[in-house]
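Comments concern the structure below.
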There are 4 protein chains.
Amino acid sequence: MPLESKERGDSQELAPTDAPYTRVHRSARPEGTRIRVGGVEIGGEGFVVAAGPCAVESRAQLDRTARAVAASGASVLRGGAFKPRTSPYAFRGLGRPGLEMLRDVGRELGMPVVTEVLDPGDAGLVADHADILQIGARNMQNYALLEAAGRAGRPVLLKRGLSATIEELLLAAEYVALQGNLDIILCERGIRTFETATRNTLDLGAAVLLGERTHLPVIVDPSHASGRASMVGPLSMAAAAAGVAGVIVEVHPDPRHALCDGAQSVAVSEFPALMGGVASTLAGRGRPFSTPSASLDPETRLEWETERLKGLDRMLVRLARERAAAGLRIDALQSKIGRPGRNAPDAPAWQEGIRGDSCSHLKPVTTSPTD
Amino acid sequence: MPLESKERGDSQELAPTDAPYTRVHRSARPEGTRIRVGGVEIGGEGFVVAAGPCAVESRAQLDRTARAVAASGASVLRGGAFKPRTSPYAFRGLGRPGLEMLRDVGRELGMPVVTEVLDPGDAGLVADHADILQIGARNMQNYALLEAAGRAGRPVLLKRGLSATIEELLLAAEYVALQGNLDIILCERGIRTFETATRNTLDLGAAVLLGERTHLPVIVDPSHASGRASMVGPLSMAAAAAGVAGVIVEVHPDPRHALCDGAQSVAVSEFPALMGGVASTLAGRGRPFSTPSASLDPETRLEWETERLKGLDRMLVRLARERAAAGLRIDALQSKIGRPGRNAPDAPAWQEGIRGDSCSHLKPVTTSPTD
Amino acid sequence: MPLESKERGDSQELAPTDAPYTRVHRSARPEGTRIRVGGVEIGGEGFVVAAGPCAVESRAQLDRTARAVAASGASVLRGGAFKPRTSPYAFRGLGRPGLEMLRDVGRELGMPVVTEVLDPGDAGLVADHADILQIGARNMQNYALLEAAGRAGRPVLLKRGLSATIEELLLAAEYVALQGNLDIILCERGIRTFETATRNTLDLGAAVLLGERTHLPVIVDPSHASGRASMVGPLSMAAAAAGVAGVIVEVHPDPRHALCDGAQSVAVSEFPALMGGVASTLAGRGRPFSTPSASLDPETRLEWETERLKGLDRMLVRLARERAAAGLRIDALQSKIGRPGRNAPDAPAWQEGIRGDSCSHLKPVTTSPTD
Amino acid sequence: MPLESKERGDSQELAPTDAPYTRVHRSARPEGTRIRVGGVEIGGEGFVVAAGPCAVESRAQLDRTARAVAASGASVLRGGAFKPRTSPYAFRGLGRPGLEMLRDVGRELGMPVVTEVLDPGDAGLVADHADILQIGARNMQNYALLEAAGRAGRPVLLKRGLSATIEELLLAAEYVALQGNLDIILCERGIRTFETATRNTLDLGAAVLLGERTHLPVIVDPSHASGRASMVGPLSMAAAAAGVAGVIVEVHPDPRHALCDGAQSVAVSEFPALMGGVASTLAGRGRPFSTPSASLDPETRLEWETERLKGLDRMLVRLARERAAAGLRIDALQSKIGRPGRNAPDAPAWQEGIRGDSCSHLKPVTTSPTD
């Protein structure tokens, strides 16, 4: 595939000439990407456990689950407010009230929150409430959504599609990266194969191989991969042993009555044993859990709240640099053919642009009165 | 899966109790659905051939291709203006100018136009230009897009996802149908398997089985299914023999220099032979091609232009009927518990609603001055 | 893959340098292979229909089925005597008595018989009774069986494995061909994919592509591909339209009580309609059914009975020629290094060998007294 | 599937009524099966590592590899003498001399040997030399081979087919078990999916689920599963963490020049690091490697050599008991209809049988003079 250099910016020198993805390729950051969100580091030494219910069903259900997983060492809170469902008649989530519950409970417990965004038009709303935006497996190649999520100023958790190759997953991540956002977490969540005894087939080898091919952190979702609660523990330990950055696990106070994915949800009462198994697997290799550094003092809170702002700033800086580099290249080419360059970085057409309304979809972070 | 009867409306009696999709289930219309668009009938006696380039590259390329396929008997013009591409660096289509070229060429030749919509926010724009909205394989479970396309007042061509089961395809169609739009064409376009000698694996059996399970017309895309131009002819004949409603085929004046999918594009020069093969296959079974009834007299043009309006009207009527039925059921339940019913059809809250701006995203059909 | 020329014999010049299979590659016989068996030609103009029960259950069941399919135009009788079954507790066939019934009924009706061989040790026995030896999907890469079947002096029907690529199928055929036997019929019988609505997924595209890549005739098995009797007709018509050499279909007098594969067996009463549909599909393209030329006069019978002898003779001649060519090449190499050649064709070491017992597993064709 | 009770023997009471496999079902031995072979226990506390070259290429290559893997803690020696190869032109193994090398090197180092058997006719020969008979993925449903291997008096290592479901694997094991041999090791070795970045897709979830469904020990083959040497270490650690019985790994002194599967072979020089990683993973969970108890004193040697004899004896005893139970049931039925029973255990027709030649294919264990 011919890559047009004018679109790739200045990381070009580092990139291998034959890889179709250059921003997320390992060679772009040989040391690996570490993402800090809400006091938690993803992609560093610590093993990250994100846990919570498939869908937010009520404040009580969320509270109980979140407190339990936090007490056992999970550092990120997961939960669905907008749920993609195969059937239009299934429970599709609480929507905005669910987002608000997630934000409130996460803030209370000091856990950053990850939740799914389904519609490009909702990216701003979800980014106002959640700390990490999840793109689900069904939407891995929903390019409008990838770009909207990439521009929302939050880390993006990108799940592999049911039948997506490793290369397609990396190319989807490249769509996000091209928005100026390299805070991307990849997630292997099981692929679709001929086998029907499990809901999907965990492709742990893909997670290992991704670690060779990209600098982005890779986590594993053993809940969707297996569809069976009894397998979530062994597969979480396997993922820890294989060296991935973390796992994301569905937990519910009462799986038999869950509105969504009950069969694969670990009961709150069984979650500590799961974490114990993972801990002993990590111990053999001398690896800790990733834990939030943050206690809930006001300064930490403020720092946390400003993360998205910093995310947007980093993105703007990256894009401005790339824009400047591209302008310089064009000027150089024009000077060769005797035409004056007009695209140098000191010609701030784009700076004018942002005074307009192009960013109006990014609403300010709202803080609830009880916060 | 428990289906909540209150959401299903009055087709409930016809539907089998165990099928999770009731609107698109065969039993809802045992005689099958026939869709009329731009003078062409899809799902009737005639075999429909939709043909055209993968991507609109220029007015000249589109013109040449469209005239050639029309001359050979194709009745629908296909072409991509917004192209979903695995790599963000690949050609992603001409966008709006491509849409305008499609509309203009289609109108000139009397061929209805089918083109893909990628973003829920573009559904209105695409519906302003095209006669059929295509949902691509990557977006089969992009529910926001399914709903937006379903509300756009045009027939929807829904392609099966790369690893979607037949049931998942029918449930995706049910999302469209729930918008009040039953003008849905299903398309088997090859699934992803272990085999790499072909781009995908044509699952012709699925097309046959879909014909048993749904009243919607089913067509086949042999171009994406095989990825090889030499196979498009034999597979088109096979599809015709298996009894499907039609095929959708990629054709290009110069496949070696196509900006997209050249390897699977039939050359304009080879298209007549393909149509000849399909014609002789159909002849054995006494089946004709579907051909536009329309010559380009002004009255036919007007009729064609008002199709979308009628589509929207039909949708409104269906939804209003279902709303009325649902209201009556609720009233009946309330009267049982001694509370007054407030949802009867004569309480036209929803009629007020449409005076507001809920439909403002549906822009009027624009007619270019040269039309 | 490096091919050692010394193993490939004199067809080397014709073969493409990069194909790993040279004997079965299209270029080895650009005009295609036509196989004559029991008066029926496979791979010629006529479309071959092989039909019969999944398993031979009784003489009466076989008789009734065979007469019915013969009357409707089927030219080859299929039936299982040794049945491979996923479960050791399922009906595994009548064994030798089943073979004898097949031979007797086939002889009576003038239909050549195809049946499966499971054990290399049974190849001689099966070849004594059947006209075509079938290698089933489970055994496509059972190399001991491929070689034993290839040496049995009968055409071989080789079914594609459930997850075998086109290239692996051709390489399996090459194993047979290397025994000196080019009378090989390939069979696409559905592959295993994620879809569970059908038993397997018919890969009709593979049948088309095989026709480009090999000179061997290719047939389709719509019964195993779909697992549903209602789909066998449409898929047979599709196969006919795609231009393959024929189909192999399971038929039973009473599918609901079949001991094996009842769900996919076409009822005897519905078989004429299936043949009618195929006939009209073929008619559009001016193609006839393949029909046995043989009436049952004694001379034809004798000719038929001597087919296997001729098969063995042809195989011997081919191998002898290749052996001679290989010897000459070795002699030439030896003369270059000053050593006398000892492998020339006039050094008939191998002729001595066949006077020994190396062929004793090939028992003579037995003729029953009632024949 | 209806199971005929007369074939199932007296373990019937333990078996669940709906599982189609009763002998290998977990409920038949809730405590799990431990197999002792050559002083090594498989399925017990210790984690078993079987290692060695894909194919035996020479005595020197085998020696060097075997000594290295033994020194690092591997307890079983693997190596191919008969190699199934997709292409008939590829290296197919040294055959009998390879078997002899394996036996000699294994005896010298005190390591039991596992090697593949391809032809039912070779089962006796392979059992004379190897301690465990491997059935490869291509032959998982080669029922003649399953039965021959099951009768050879040695433990059987049964690999999952490329596209075999968990249930099909268990049914294939049931074929072996029905020969009276419950010393079966199952092996997950990667399945075939759409992903081509790895040779196969390791289905570690299947290994976990097998552990719930069967009492047989389950091991993992990370070499074939990934096809990439760099992934073998991480996947071995993952398997250890998931709790399986062991792994089987391809190791070669010089992978770049291996005659078979070089890309997935771990270099001898890198094997200690792999074992170190596995050891630390096991350490976290307090689990040791399985190690041969045997030093090479003559008594241990004798014990080892008599293992196969004991295997055959155990098999005979099991079958005799089942035969007796079946006879009693038949007698009971006959007495109900007033006919004398003739099948009681004291009517030893089968004992007569074994004085005949039905077992003559089982040749005595030969001991080479240098042993």
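The values are calculated or read from the model by the stated rules, or taken from the named source; none is laboratory data. All of these numbers come straight from a predicted model, not from anything done at the bench. Counting neighbours? That spans all protein chains shown, and the Cβs are built from the backbone with ideal geometry, glycine included.
Hey, among the residues in the range B:155-170 that are touching a residue at least 40 places away in the same chain (Cβ under 8 Å) and in a strand (DSSP E or B), which one's nearest to B:Ile42 (Cα to Cα)?
Among those residues, the one meeting the criterion is B:Leu157.
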Search the range C:260-296 for residues being buried (at least 19 other Cβ atoms within 10 Å of the Cβ) and part of a loop (DSSP other than H, G, I, E, B), and hand back the single one that is modelled with the highest pLDDT. C:Ser265
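The rows are residues; the columns are (1) among the hydroxyl-bearing types (Ser, Thr, Tyr); (2) farther than 21 Å from D:Ala197 by Cα; (3) touching a residue at least 24 places away in the same chain (Cβ under 8 Å).
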{"residue": "A:Ala207", "(1), (2), (3)": "no, no, yes"}
{"residue": "A:Val218", "(1), (2), (3)": "no, no, yes"}
{"residue": "A:Gly233", "(1), (2), (3)": "no, yes, yes"}
{"residue": "A:Ser236", "(1), (2), (3)": "yes, yes, yes"}
{"residue": "A:Ala241", "(1), (2), (3)": "no, yes, yes"}
{"residue": "A:Val244", "(1), (2), (3)": "no, no, yes"}
{"residue": "A:Val247", "(1), (2), (3)": "no, yes, yes"}
{"residue": "A:His252", "(1), (2), (3)": "no, yes, yes"}
{"residue": "A:Cys260", "(1), (2), (3)": "no, yes, yes"}
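Looking at C:Ala197, C:Ala173, C:Ala152, which is the one that is assigned to a loop (DSSP other than H, G, I, E, B) and under 13 Å from the mean Cα position of the chain (by Cα)?
Result of the check over C:Ala197, C:Ala173, C:Ala152: C:Ala152.
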Within the group D:Gly153, D:Gly180, which residue is more than 12 Å from chain C (Cβ to nearest Cβ) and over 28 Å from D:Thr291 (Cβ atoms)? D:Gly180
Return the total of residues in the range B:196-210 being in contact with a strand residue (DSSP E or B) (Cβ under 6 Å, 6 or more places away or on another chain) and within 15 Å of B:Tyr21 (Cβ to Cβ). 1
Take the residues in the range C:200-222 that are more than 7 Å from every other protein chain (Cβ to nearest Cβ) and closer than 23 Å to B:Glu167 by Cβ; name whichever of them is farthest from the chain's Cα centre (by Cα). C:Asn200
Test D:Ala137 against the criterion of being in contact with a strand residue (DSSP E or B) (Cβ under 7 Å, 6 or more places away or on another chain), over 19 Å from D:Glu174 (Cα atoms) and hydrophobic (A, V, I, L, M, F, W, C), and give yes or no. no
Scan the range A:224-234 and tell me whether some residue there is crowded, with 24+ Cβ neighbours inside 10 Å, modelled with pLDDT of 95 or more, farther than 22 Å from D:Ser163 by Cα and more than 7 Å from every other protein chain (Cβ to nearest Cβ). yes
So B:Ile185, is it within 30 Å of B:Ser58 (Cβ to Cβ), in contact with a Lys or Arg (Cβ under 9 Å, 6 or more places away or on another chain), outside any loop (DSSP other than H, G, I, E, B) and more than 9 Å from chain C (Cβ to nearest Cβ): no
If I filter the range C:23-35 down to residues being of a type outside the set (A, V, I, L, M) and touching a helix residue (DSSP H, G or I) at 6+ places or on another chain (Cβ under 8 Å), which single residue comes out as farthest from C:Arg287 (Cα to Cα)? C:Arg23
